[in-house]
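The values are calculated or read from the model by the stated rules, or taken from the named source; none is laboratory data. Note that the structure is a prediction, hence the values are computed from the model and not measured. Reconstructed Cβ throughout: ideal geometry from the backbone, glycine too, with neighbour counts over all protein chains shown. With ligands, DNA and RNA removed, areas are computed over all heavy atoms of the protein, side chains included. Shrake-Rupley method; radii C 1.70, N 1.55, O 1.52, S 1.80 Å.
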Amino acid sequence: MNLLSWNVRGLGNPRTCLAIRKILQKYKPQLFFVCETKLESAQVSEECRKLNFDKCFAVSRNEKSGGISMMWSLDINVNIPSYSRHYIDVEVQCGSGKKWRCTGVYGHPETQQKKHT
């Protein structure tokens, strides 16, 4: 089981997408947490398909910053018990039946506001 987490600083950027594709081809993660997509959730769904992931869950950006997403392949089962603008918490079950949990976190950008993450 491979997973990847990356602050992409703009998922719709063509250069970023090229770099992501290269990393995804090399490591072949089944679960991919993306921070700072800077996109609305519908736009993230389109990028998810372009990156060859079967499913995704996205939290839209806040104005022109933020935005997070969890993408995954169909060879794992994913349940999302909770999320906010700053995290996505998932329960994962692999094909072997093993269950585990992963929480992707995107901290508040202002130091004095980190406690609200």
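Which number gives the lysine pairs in region 11-117 that have C-alpha atoms under 28 Å apart and are eight or more places apart or on different chains?
26
Considering only C-alpha atoms, what is the centroid distance from region 15-43 to region 60-117, in Å?
14
Suppose a student asked you for the relative contact order of the chain, using Cα pairs under 8 Å spaced at least 6 residues apart; what percent would you report?
19
Unpartnered cysteines of the chain (Cβ-Cβ under 4.7 Å counts as a partner)?
Unpaired cysteines in the chain: CYS17, CYS35, CYS94, CYS102.
Suppose all protein chains stay in the model; what accessible area per residue would a 1.4 Å probe give for region 24-117, in Å²?
Accessible area per residue: 59 Å².
Figure the gain on full extension for ARG9 and SER73 (residue separation times 0.36 nm, minus the Cα-Cα span) and round it to one decimal in nm.
20.8 nm
Report relative contact order for region 1-53 in percent, whole number only (criteria: Cα-Cα under 8 Å, sequence separation at least 6).
Once normalised by length, the contact order is 50 percent.
Roughly speaking, what is the stretch gain from LEU51 to CYS94, that is 0.36 nm per residue apart minus the C-alpha to C-alpha distance, in nm to one decimal?
13.4 nm
With each run of n ≥ 4 DSSP H residues scored as -39500 (n - 2.57), what mean residue ellipticity at 222 nm is computed for the chain after dividing by its residue count and rounding to the nearest 500 deg cm²/dmol?
Using -39500 (n - 2.57) per qualifying helix, the result is -6500 deg cm²/dmol.
Given R₀ = 30 Å, FRET efficiency for TYR27-ARG101 by Cβ-Cβ distance, to 0.05?
My answer for the efficiency is 0.90.
May I ask you to give the percent of accessible area on the chain that is carbon plus sulfur, with a probe radius of 1.4 Å?
47
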